[in-house]
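A short reminder: the numbers here are calculations on the coordinates, not readings from a lab. Bear in mind that the values here come from a model prediction, so they are computed numbers and not experimental data. Ideal geometry is used to build each Cβ from the backbone, glycine not excepted, and the neighbour counts take in all protein chains shown.
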Amino acid sequence: MIHAAPCRFPSGKACPPPPARRNTACVYSSASVTPRAAPPTAPVIPTARVLRVPASAPTTPAPTTAPPVSPPDGAGAVDSAATAFWDYQGLFVSQRRETSSPVSLRAVDGAVPADFPAGTYYLAGPGLFADDHGSTVHPLDGHGYLRSFNFESSGRGVKYSARYVETGAQREERDDETGTWKFTHRGPFSVLKAGKKLGNMKVMKNVANTSVLVWGGRLLCLWEGGEPYELDRKTLDTVGLFDVVDKGMKTESRNGEEMAADWLRRLGELGLDVAAALLKPLLHGVFKMPEKRLLSHYRVDARRNRLLMLACNAEDMLLPRSNFTFYEFDSNFRLLQKKDFTIPDHLMVHDWAFTEGHYVLVGNRIKLDVSGSLVAAVSGHSPMISALSVNPSRPTSPIYLLPRFSDGEDGSRRDWAVPIEAPGQLWVLHIGNAFERREESGEVEIQLQASACSYQWFNFQKMFGYNWQSGELDPSFMNPKKGRQSLLPHLVKMSIRVDGDGNCRQCSVRQVSDRWTRPADFPAINPAFSGRDNEHVYVGTTSGARRFLPHFPFDSVGKINCSDGSVATWSAGRRRFLGEPIFVPRKGSAGGEDDGYILVVEYAVWMSRCYLVILDARNVGRTEAVVARIEVPKDLNFPLGFHGFWEGRTEDSPSQECQHHPPSSSSISLPLVASRNY
Ligand SMILES: [Fe+2]
């Protein structure tokens, strides 16, 4: 759809409206034309339900009469606010096409090396941002569109597939006969322009768009607030919901509006137990939220060959009490253990970590806006997420060290419900790794490598710069004025020292490297080192080369050595952005921590093309870093993905028993950001 209203950066400079910004149906495929100017009641109807591309389809774009997606002056376009705005929109262009069978890809630079292992790189993310009836959604509410790059066992061919996850909401919102879409679920970050607002209790919308995992032979697409969807690994057909969590009894729903009003009136009068008892049927029965809210971030303990997952209670979002349930599964998805922890604080956790002895949570403090936005959120006039906000009432950030195995097994008498308060208000987004070192004295040092931003910058309603009132994506929120750069996500190292009695002796937060202070996120490591002492972290970061997009989207991969602070980077080049990097061990690797490759998707927004780039992890920072750049057909160009997963083939996978790297003896003192002694 076209958004004709002019926008402005905070500087006051006007930006052009982005043609076909959110919906490519009219741009890339003559078979999928949905005119942007068509009235909602009379869309032009494509004939195919699923617009899949056969394996033999040409890789050139289909003829189009639509205006170009980007300004005409290509990669050399002037570094202006207008170019920045256009390019940013280019990351969030809908892709309605799916593949009916895998499409062979070609390397336009280099080649897949012989020692690149066979396997599949899966990338989760949204595929659709606008329907055919005038509604747009926040990127986090976009229907899940799974991308798959299959590195074949025989030879070095790469085949690409992409399919929407057929969630319950997707089946309801996409017309099977016409291929058109009409959003009926609001999604927690969005409002509907068309459709029912008042009394629309279809708030939660499991779009299975956040992360992806292969475990026990099952391919799962995960979302932050519900069960994962299982897909067939070969065809990407959706199998259905996979019940990781035993949800327990289902609850009958009453009239939604009555229950919501009743709940609002009574909430302030009731104790937490009663409120929770009231909220459960409301959230589950009315808002269709599962009683257990499985988080999209999981962990793999490579040493034990276990999958670790975490769920919260649905009512935790609304109450000053948080219930965390950790699950550990063996390689056949059999539940090995389940541990519950109730913490008396109102917390939001997106990512988390584990060590040999602990589950580690850094709680992001939140609060509920009962009097204001909650009512608007329930009424459908503002996103449900606007009922929540950051809670800056305390100057510190709580870190919970929760015993992973039986309480007190390690001799600690620590009360796990009492957090270690890290200095500063850090909103933790993602955790690269955590591990613990046990010393002869009995002291334990626990270290986390995480991306964290300031409470002063984080805003539920402005993530990605999305304006739910206009439906626009403004990059200026992600690129604040000079002087506020330090508030953006950075890679930090949190160190905690706990004595033999479980008392915290010191907690410090530092930049992981004083040589790289630019914004960074999506920390990734060699997965064999998860939960173990690691040296290298790979991040998405920025070169700072663009005047109007100095901080985000990322255009660089950083390889940061946590021991000596050294940093090496690779940048994609002009008008190209990068997603999350992941590490793939080299075939036949003896287990060296950086002996492998980095996969990262490059979004060449100026020409609406995606590439999967293979970097040699040991050559990041050198001219020979790029091993191959693999091109995605233009008519299958996809929007920004979120999180990915590498599934190695068994015959090519390196041993799980990777060499353990001892801590570097050349560690240098990094500048201390903040420290707190106990
Ligand atoms: Fe995430």
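List of remarks:
- Once the Cβ-Cβ distance of residue 405 and residue 333 is raised to the sixth power relative to R0 = 25 Å, the FRET efficiency obtained is 0.75.
- With neighbours defined as other Cβ atoms within 10 Å of a residue's Cβ, the residues 215, 352 order from fewest to most as 215, 352.
- Projecting label points 7 angstrom from Cα along Cα→Cβ for residue 481 and residue 235 puts them 5.7 nm apart.
- The stretch between residue 456 and residue 176, if pulled fully straight at 0.36 nm per residue, gains 96.3 nm over its current Cα-Cα span.
- Spacing of the modelled spin labels on residue 342 and residue 243, each 7 Å from Cα toward Cβ, amounts to 2.5 nm.
- Per residue, the convex hull volume that the Cα atoms of segment 380-442 enclose (Å³): 163 Å³
- Convex hull of alpha carbon positions in segment 506-634: directionally averaged projected area 9.0 nm².
- log₁₀ of I(q)/I(0) at q = 0.19, 0.31 Å⁻¹ - segment 539-583, Debye sum with one point per alpha carbon: -0.56, -1.11
- With 25 Å as the limit on Cα-Cα distance, the pairs of 481/559; 338/587; 205/292; 339/493 that go past it are 481/559; 338/587; 339/493.
- Straight-line cross-link reach from residue 462 at under 13 Å between alpha-carbon atoms covers these aspartates and glutamates, not counting any fewer than eight positions away in the same chain: 472, 474.
- The phi-based Karplus calculation (6.51 cos²θ - 1.76 cosθ + 1.60; θ = phi - 60°) puts the 3J(HN,Hα) values of segment 388-403 at 10, 8, 5, 10, x, 5, 10, x, 10, 10, x, 10, 9, 9, 9, x Hz, whole numbers, x for Gly and Pro.
- Förster-model FRET efficiency, 30 Å R0, residue 109 and residue 304, C-beta, rounded to 0.05: 0.15
- Most to least packed among 131-143, 452-464 [average Cβ atoms within 10 Å]: 131-143, 452-464
- Of the peptides 554-564, 415-425, the order by per-residue mean of other Cβ atoms within 10 Å, starting with the highest, comes out as 554-564, 415-425.
- Using the Cβ-Cβ distance between residue 416 and residue 440 with R0 = 22 Å, the FRET efficiency computed as 1/(1 + (r/R0)^6) comes to roughly 0.35.
- Length gained when the stretch residue 574-residue 350 is fully extended (0.36 nm per residue, less Cα-Cα span): 77.5 nm
- Net charge contributed by nearby residues that have their C-beta within less than 13 Å of residue 514 (K/R +1, D/E -1): +3
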